[in-house]
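Below: the structure, in structure tokens.
What follows is calculated from the coordinates using simple rules that are stated; it is not laboratory data. Bear in mind the structure is a predicted one, so any value in this text is a computation, not a measurement. When we count neighbours, we look across all protein chains shown, and the Cβ atoms used for this are built from the backbone with ideal geometry, even at glycine.
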Amino acid sequence: MKLWGGRFKGQLSKDMESFNNSINIDIRLLPYDIEASIAYAAGLMKAGVISQEEFNLMKKALEKIKNMEIKDIPDVEDVHTLVEKLLVEEIGDLGKKLHTGRSRNDQVATDERLYLRKEIEEIIELLENLIDTLNMLAKVNKNTIMPGYTHLQRAQPVTFSHHLLAYQEMFKRDTSRLKDLKKRVNVLVLGSGALAGTTYNIDRKYIASLLGFNDVSLNSMDAVSDRDFIIEFLSAASLIMMHLSRFSEEIVLWTTQEFNFIELSDEYSTGSSIMPQKKNPDAAELIRGKTGRIYGNLMSLLTVMKSLPLTYNKDMQEDKEPLFDSIDTLKICLKVFTGMIKSMHIKKEKMESAVKYGYLNATDLADYLVKKEIPFRSAHEIVGNIVSYAIEKNTTLEDLEIDEFRIFCNKIDEDVYEYLNIKNILKSRKTIGAAKWEDEK
Ligand code: ARG
């Protein structure tokens with residue numbers, strides 16, 4: 001069955017037919033196509049196109065189709081064709097009335113909006129789970145001291161909790177981005193027809209209320225032809241994956257013998273087929289790797305949409321694979337990532353001992369000199385010299401004798417050791433958002 005054909009005399013070539021068909025991909029939209037169809041049928045009834053009795057029959061049949069188990073996907077063009085075909089099989093000619101004033105152009109955009117709206121809700125839930133997990137880990141590590149890095153060089157002492165909560169901030173913004181873009185997804189485009197609206201008196205606001213859409217699109221040509229709501233989602237998905245990927249990279253680093261800050265649970269690591277001793281952070285690596293496809297999906301749809309004249313063009317059928325793939329990938333990545341960090345073993349002592357080497361208290365020594373009324377730039381120079389001296393002596397700043405400090409600056413007193421103490425450093429940070437020591441309550 002085809003939804004068109006009247007004006008054609010010849011047959012579609014076999015290659016063209018399978019090239020044109022999207023059913024294997026868009027079958028995923030089936031429940032949404034039905035939901036939207038029921039609401040549209042109600043709109044047709046309100047407009048006087050079908051009777052109450054006809055509506056009841058249509059609705060019943062559509063609900064039946066929704067619950068059908070479709071084992072072998074029939075060889076039809078797309079999901080909209082399939083629903084109409086099944087409907088006609090159920091209720092005969094009455095089924096052919098459903099498409100009055102409707103086009104697959106407003107239909108497909110409606111289905112996608114319904115689908116994406118639901119998926120966004122699920123993704124927000126997964127993000128909230130991750131945020132809660134980070135909260136829990138941050139609580140138990142609020143005073144676990146670790147090196148903070150810039151250029152991947154040990155820089156200043158921070159707490160592991162502060163490091164974790166940095167990612168939490170990113171995921172909070174990701175969540176708010178999704179909540180915000182959901183508003184633009186949650187708009188009814190049905191009733192726009194092929195591109196110009198319809199002469200039937202379809203109450204679009206009524207259909208919107210039935211489908212739980214908050215707004216009604218105001219320009220039929222825009223409604224059927226833009227996919228910015230999908231691109232916006234793909235872009236938000238890319239940011240989430242970027243955050244997951246950076247975090248994954250750190251997990252990979254931390255599991256190395258070189259860092260040795262954490263050990264992943266057996267549930268989230270795998271072995272080597274040849275090297276019996278290996279325990280690999282595959283989960284983190286896969287998430288890092290899959291970020292590439294999520295970026296690719298964004299690029300893919302941006303490129304599909306570029307240069308398309310108004311309104312609908314068949315190019316836009318290519319919007320679904322990137323969307324579906326990004327949703328599937330993002331969801332599994334969020335689940336696996338959360339499970340992975342929830343079950344990892346944190347080697348607090350290793351993190352803390354890493355702070356001892358690398359002169360992470362050098363900035364604080366400079367700040368100490370500032371307190372002794374030395375301008376910061378000069379203090380920086382003096383401390384640079386002291387660090388260089390300590391490196392040569394193969395020792396730490398806090399292990400230098402007071403007389404050694406005084407070679408470089410005679411304003412340094414015994415109180416310097418307090419200022420070099422890592423815990424005191426964390427305690428003395430003052431600014432909002434700083435990595436601070438939290439007193440036990
Ligand atoms: N399968 C099509 C798509 O996904 C549905 C819309 C078809 N519209 C049309 N005018 N041929 O884009």
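When 69, 89, 318 are arranged by Cβ crowding within 10 Å, least crowded first, meaning fewest neighbours, the order is 69, 89, 318.
Computed from Cα positions, the angle between helix 52-67 and the longest principal axis of the chain comes to roughly 50 degrees. The alpha-carbon of residue 348 sits under 16 angstrom from the alpha-carbons of these lysines, leaving out residues fewer than 8 places away in its chain: 139, 142, 356, 423. The Stokes-Einstein estimate for region 131-182, based on a Kirkwood radius over Cα pairs and taken at 10 °C with 1.306 mPa s viscosity, is a diffusion coefficient of 132 µm²/s. Relative to the longest principal axis of the Cα atoms of the chain, the long axis of helix 376-393 lies at roughly 70 degrees. The alpha carbons of the chain stretch over 100, 53, 44 Å along the principal axes, in descending order.
In region 8-102 the Cα-Cα distances spread across 5 Å bins starting at 0 as 2, 13, 23, 22, 16, 11, 8, 3, 0 percent of all pairs.
Against the compact-protein benchmark of 2.2 N^0.38 Å, the Cα-based radius of gyration of region 325-441 scales to 1.49.
Given in Å, the Rg to one decimal and the Dmax to the nearest whole number for the Cα atoms of region 49-192 are 25.1, 75.
Against the chain, whose longest principal axis comes from its Cα atoms, helix 160-185 is set at around 20 degrees.
Pairs exceeding a 20 Å alpha-carbon distance, out of 172/430; 2/314; 59/96: 172/430.
Classify region 1-64 as rounded, prolate or oblate, taking a ≥ b ≥ c as the square roots of the eigenvalues of its Cα gyration tensor: rounded when a/c is under 1.5, otherwise prolate if a/b is larger than b/c and oblate if not. Oblate, because a/c is 1.5 or more while a/b does not exceed b/c. Separation of region 166-207 and region 1-71, taken as the distance between their Cα centroids, equals 22 angstrom.
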